[in-house]
Structure formats: structure tokens, C-alpha cells
Amino acid sequence: TVYRGRDTVLDRIVAIKVMDPHLGKDDEFVKRFILEAQATGRLSHPNIVNVYDAGEEDGLYYMVMEFVESITLKDYIIEKGFLSAEEAVDICIQICDGLAHAHKQGIIHRDIKPHNILCTPDGRYKLTDFGIARLVDGASHLTKAGTVMGSVHYFSPEQASGHAISFPSDLYS
């Protein structure tokens, strides 16, 4: 669940992502949540939602992130009906800029889809939800070989077949 909150020290609005308490008892979910915080926390780019803090309090895991006044790209497309070629190219360039930054940090998002892209009123597009991201350096392998992760309508052929993924898998999505 994501809440809107206030950072009282820095006096700013933030988004607070809280893991469902019953999932906090599942080591796999906790590892994924921590991986998401670590992966996203390494990134600082105008087209990626910033993570400011993460932690655990009395078994409740949370992540404090940049609050983005926005709607998802999915909702924007539904609301608008269709995008002009120029607007689609602008969105793609912004998302590719964010992905290029993540890829330089060794992070594959693995779930690029309109639901995970936020659209701000000033025309900025930001990647969010690195919940199933993979660190290329091999430090975190939470997915068994042959396991399929991602959203079926958007993932790459190699994801669909359970094969190894790489940076181009994100670009395909």
C-alpha cells in the first residue's frame, strides 16, 4: 500500500510504500521489498522516482519515496484515447533515459509497463515500482532459473520462456 505522508524533518510531502504486514512474515517478500529499496535507492535520475529511506518498524517494512503528483501512463492513455507520434516519442525518450541510467547502475527493471510509469502535469515521465528488478552484478538472485516474472502483456520473449534476461528485455517492454 502506498500512502501520502509528510517528512516532518525536511518539511515535504512523500509517498510511503508499506508492505502488507502478513507478507512481512514471508522471507521471500521481505527480500524482494528490500531489493526494491536498494535497487531504486541507488538511482538518481529525473525519470525515476527517488527513494529517500527504507526500514522496518515492529515487523512493518516501509519505503519513503518522492511523492509525484501524477497519474499512471495507463490512465493517461485511457483518458486521452490515443497519443500523437510526437508525444509517444517524447515519452519513449524519457523512459529510455531513465532505463539507461538504471542499466548503467546494473539494474534491470523487468516490469516496464504503463502502470509503472507516472505522468506529471508538466510532462515529465518517471519509472516506478522496481519490485521485481534484478541486479546484474549477481548479488541478488531471488528468481530461480526458469521462473517467469513480469506482466504477460509487456514482457520480452526471453522473459516469457523463462530464459536469462538482460538490458534489452526492458527495452522490448
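Per DSSP H run of at least 4 residues, take -39500 (n - 2.57); add these up for the chain, divide by its residues and hand me the 222 nm value, nearest 500 deg cm²/dmol. That comes out to -9000 deg cm²/dmol. Kirkwood-type hydrodynamic radius, the chain: 16.9 Å, calculated from all non-identical alpha-carbon pairs.
Seen from every direction in turn and averaged, the convex hull around the alpha carbons of segment 1-84 projects onto 7.3 nm². An ellipsoid equivalent to segment 42-135, defined through the eigenvalues of its Cα gyration tensor, has semi-axes of 25, 16, 11 Å when rounded to whole angstrom and sorted largest first.
Only lysines eight or more places from K80 in sequence, or on another chain, were considered; those with a Cα closer than 29 Å are K17, K113, K126. Heavy-atom accessible surface of segment 1-122, averaged per residue, reaches 56 Å², computed with a 1.4 Å probe.
Using the average count of surrounding beta-carbon atoms within 10 Å as a protection proxy, the listed peptides 80-90, 54-64 rank, highest first, as 54-64, 80-90.
Which of the peptides 66-76, 34-44 is most tightly packed, and how do the rest follow, going by the mean number of other Cβ atoms within 10 Å of each residue? If you can, show how the numbers build up before the last one.
Details: 66-76: 16.1, 34-44: 18.7.
Top of the packing list down: 34-44, 66-76.
Share of carbon and sulfur in the accessible area of the chain stands at 56%, probe radius 1.4 Å. Here the simple spin-label model places points 7 Å from the Cα toward Cβ, and for V89 and D20 these points are separated by 4.3 nm.
The values are calculated or read from the model by the stated rules, or taken from the named source; none is laboratory data. Keep in mind it's a predicted model, so treat the numbers as computed, not measured. Cβ: placed from backbone, ideal geometry, glycine included. Neighbour counts: every protein chain shown. SASA here: full protein model, heavy atoms, side chains in, ligands and nucleic acids out. Shrake-Rupley method; radii C 1.70, N 1.55, O 1.52, S 1.80 Å.
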